[in-house]
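Participant: If you scroll down you'll find the structure; I have some questions about it.
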Amino acid sequence: MPRMTSSATVPVSLGERSYDIVIEPGLLERLPGRLEHLDVRGKVGVVTDRHVKRHYAKQVIAALTKKRLEPVLIALPPGERTKTLTSVQSILDVLATHRFERSSWLLALGGGVVGDITGFAAAIYQRGIPFVQIPTTLVAQVDSSVGGKTGVDHRLGKNLIGAFYQPRAVWIDPMTLRTLPEREWIAGLAEVIKYGIIADEPFFSFLEREMPAIRVRQPDGVAAIIKRSCEIKASVVAADEREGDRRRILNYGHTIGHALEALGGYRSLIHGEAVGIGLFQEADLACYQGMCDRSTVQRIGDVVQDAGLSVDMPRWPSSRLWKAMLHDKKVSGGQVVGVWPEKIGQVRVAPLGRKVFERWYAERKDAPPQRVAAKASRK
């Protein structure tokens with residue numbers, strides 16, 4: 001991937017908890033200056049996974065040492081299956097052993113799993129120590145590093161244990177995407193597409209036009225999708241920090257997506273792949289309920305597939321899928337609450353009845369692929 005040159009700062013406005021998302025190619029090379037800007041002192045725990053450690057840990061540790069800080073590296077196994085209380089306990093053990101204090105810091109160097117675990121550990125160690133997000137995957141850069149959601153999975157559901165705890169900063173170096181495996185890159189595009197559907201039709205249209213260039217990580221396209229995704233996420237979080245109402249729209253694609261992840265044991269589908277399926281299937285379910293027209297579903301399906309993602313639902317019995325959806329943390333009063341597109345750029349939050357879901361699932365599960373029909377209908 002050629003070097004990017006454009007930089008941007010996106011504020012997250014939360015009163016005394018406000019912070020900046022800094023998007024800067026080559027940021028890791030200038031990390032000492034960033035650390036000085038935040039007045040980081042003393043012990044600094046660098047939490048990463050073993051894949052990211054191989055690429056970037058040495059560089060980050062060197063920057064910390066240059067600033068006469070005391071770095072402690074904590075490397076976890078990679079993957080969603082690491083997102084457990086056991087992993088958090090291992091981080092806390094290191095912090096306690098090295099006598100971290102309330103003035104000590106944590107850096108989350110990695111993808112969404114590392115960010116969520118590190119943030120949760122920071123939230124609960126000595127009732128809260130400061131941390132910084134340094135996301136290295138597309139999913140983390142455009143979504144999970146922003147907004148202060150931290151936590152771990154439970155065997156009965158994803159993200160059931162956690163806390164809202166904001167970072168002191170989010171530092172994004174798009175150059176880290178050079179080492180991101182192709183599967184992870186494509187999976188991350190699901191979260192990008194989500195933002196266009198929920199809040200910004202022109203951005204969605206941009207993705208429709210530019211997806212071929214984005215797929216191959218063309219620098220200007222990459223810079224554009226990171227910046228715009230962060231702007232949308234920051235505006236939603238500023239309006240609703242703790243998911244009282246507005247922030248729920250960020251869960252579009254995740255009601256079905258999280259259920260598919262859990263049913264696959266967090267092995268068969270990675271997060272973005274499951275969300276990609278959810279984007280299309282939840283749009284189809286919205287259409288079935290009369291909330292949007294078929295052309296909206298078709299546009300969503302086309303761009304999801306143009307990104308290299310599947311829209312096909314794995315063959316789970318409806319009862320198992322429904323049960324998995326009921327374990328989602330967004331269930332309210334025993335009801336599954338979903339986010340449904342009304343048109344591109346506008347969604348609504350509404351409960352989903354089991355009978356409606358089962359009728360839709362029975363009719364749709366054996367339906368033929370819709371891509372050819374969708375393309376033809378728009379010519």
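Participant: Would you mind pulling out the separation of the Cα centroids of region 100-138 and region 6-64, in Å?
Facilitator: 11
Participant: Ignoring ligands, DNA and RNA, please state the percent of accessible area on the chain from carbon and sulfur, probe 1.4 Å. Walk me through the numbers on the way to the answer.
Facilitator: On the way: 7890 of 15950 Å².
Accessible surface attributable to carbon and sulfur in the chain totals 49 percent.
Participant: Given the DSSP H assignment, sum -39500 (n - 2.57) over each helix run of at least 4 residues in the chain and divide by its residue total; what's the result at 222 nm in deg cm²/dmol, nearest 500? Intermediate results must be reported in sequence, preceding the final value.
Facilitator: Details: 13 runs with 164 residues, N = 379.
Value at 222 nm, helices only, nearest 500: -13500 deg cm²/dmol.
Participant: Okay, next question. Based on alpha-carbon atoms only, what is the radius of gyration of region 298-339 relative to the globular estimate 2.2 N^0.38 Å?
Facilitator: This ratio for region 298-339 stands at 1.50.
Participant: Based on the Cα coordinates of region 112-245, what is the per residue volume of their convex hull in Å³?
Facilitator: 120
Participant: Could you list which residues have their amide H under 5 Å from that of ALA163, counting only those 5 or more apart in sequence or on another chain, with H placed in the peptide plane?
Facilitator: It is THR150, GLY151, by chain and number.
Participant: Can you give me the angle between helix 201-215 and the longest principal axis of the chain, using Cα atoms only, in degrees from 0 to 90, rounded to the nearest 10?
Facilitator: With rounding to tens, the tilt is 70 degrees.
Participant: Taking the Cα atoms only, what angle lies between the long axis of helix 271-288 and the longest principal axis of the chain, rounded to 10 degrees?
Facilitator: 30
Participant: Right, something else. Report the one residue of GLY111, HIS98, PRO130 whose Cα lies farthest in the direction of the positive end of the charge dipole of region 19-159 (charges on C-beta: Lys and Arg +1, Asp and Glu -1; origin at the Cα centre).
Facilitator: Looking along the dipole axis, the top candidate is HIS98.
Participant: How large is the translational diffusion coefficient of region 150-209 in µm² per second when you combine the Kirkwood radius over alpha carbon pairs with Stokes-Einstein at 37 °C and 0.692 mPa s?
Facilitator: Diffusion coefficient, whole number: 225 µm²/s.
Participant: Using only the alpha-carbon atoms, how far is helix 219-239 inclined from the longest principal axis of the chain? Give it as 0 to 90 degrees, nearest 10.
Facilitator: Tilt relative to the chain: about 90 degrees.
Participant: Beyond 14 Å, what percent of the Cα pairs of region 126-181 remain?
Facilitator: Of all Cα-Cα pairs in region 126-181, 61 percent lie more than 14 Å apart.
Participant: Let me ask you something else. Does anything in region 87-118 have its amide N under 11 Å from the 7 Å Cα→Cβ label point of ARG41, and if so which residues?
Facilitator: Answer for this model: 103-104.
Participant: Say each of ARG30 and ARG81 gets a label point 7 Å from the Cα, pointing the same way as Cα to Cβ; how far apart are those two points in nm?
Facilitator: A separation of 4.1 nm, rounded to one decimal place.
Participant: Moving on to the next point. Using a simple charge model, +1 on the beta-carbon of Lys and Arg, -1 on the beta-carbon of Asp and Glu, nothing else, what dipole does region 231-368 show about its Cα centre, in debye to the nearest 20?
Facilitator: Around 460 debye, computed over region 231-368.
Participant: Also, I was wondering about something else. Leaving out ligands and nucleic acids, and using a 1.4 Å probe, what accessible area per residue does the chain come to in Å²? Intermediate results must be reported in sequence, preceding the final value.
Facilitator: Values: 15950 Å² over 379 residues.
Using a 1.4 Å probe on heavy atoms only, each residue of the chain averages 42 Å².
Participant: Counting pairwise Cα distances across region 202-297, what percent come out greater than 21 angstrom?
Facilitator: 50
Participant: Could I ask something else about it? If you place +1 on the Cβ of every Lys and Arg, -1 on the Cβ of every Asp and Glu, and leave all else neutral, what size is the dipole of region 24-107 about its Cα centre, to the nearest 20 Debye?
Facilitator: For this selection, approximately 180 debye.
Participant: Please name which of ILE256, ALA238, GLN218 has its Cα lying farthest along the dipole of region 170-322 towards the positive end, using unit charges on Cβ (Lys, Arg +1; Asp, Glu -1) and the Cα centre as origin.
Facilitator: Result: ILE256, furthest along the dipole toward the positive end.
Participant: If Rh is defined by the Kirkwood formula over all Cα pairs and Rg also comes from Cα, what ratio Rg/Rh do you get for the chain?
Facilitator: Expressed as Rg/Rh, it is 0.97.
Participant: Which shape class applies to region 1-129: rounded if a/c is under 1.5, otherwise prolate when a/b exceeds b/c and oblate if not, where a ≥ b ≥ c are the square roots of the Cα gyration tensor eigenvalues?
Facilitator: Note, shape of region 1-129 comes out rounded.
Participant: Using the crude model of +1 on Lys and Arg Cβ and -1 on Asp and Glu Cβ, and no other charge, please compute the dipole size for the chain relative to its Cα centre, in debye to 20.
Facilitator: Here the chain has a charge dipole of around 560 debye.
The values are calculated or read from the model by the stated rules, or taken from the named source; none is laboratory data. Values in this document were obtained by computation on a predicted structure and should not be read as measured data. All Cβ positions, glycine included, derive from the backbone under ideal geometry; neighbour counts span all protein chains shown. Side chains included, ligands, DNA and RNA excluded: accessible areas come from the protein's heavy atoms. Shrake-Rupley method; radii C 1.70, N 1.55, O 1.52, S 1.80 Å.
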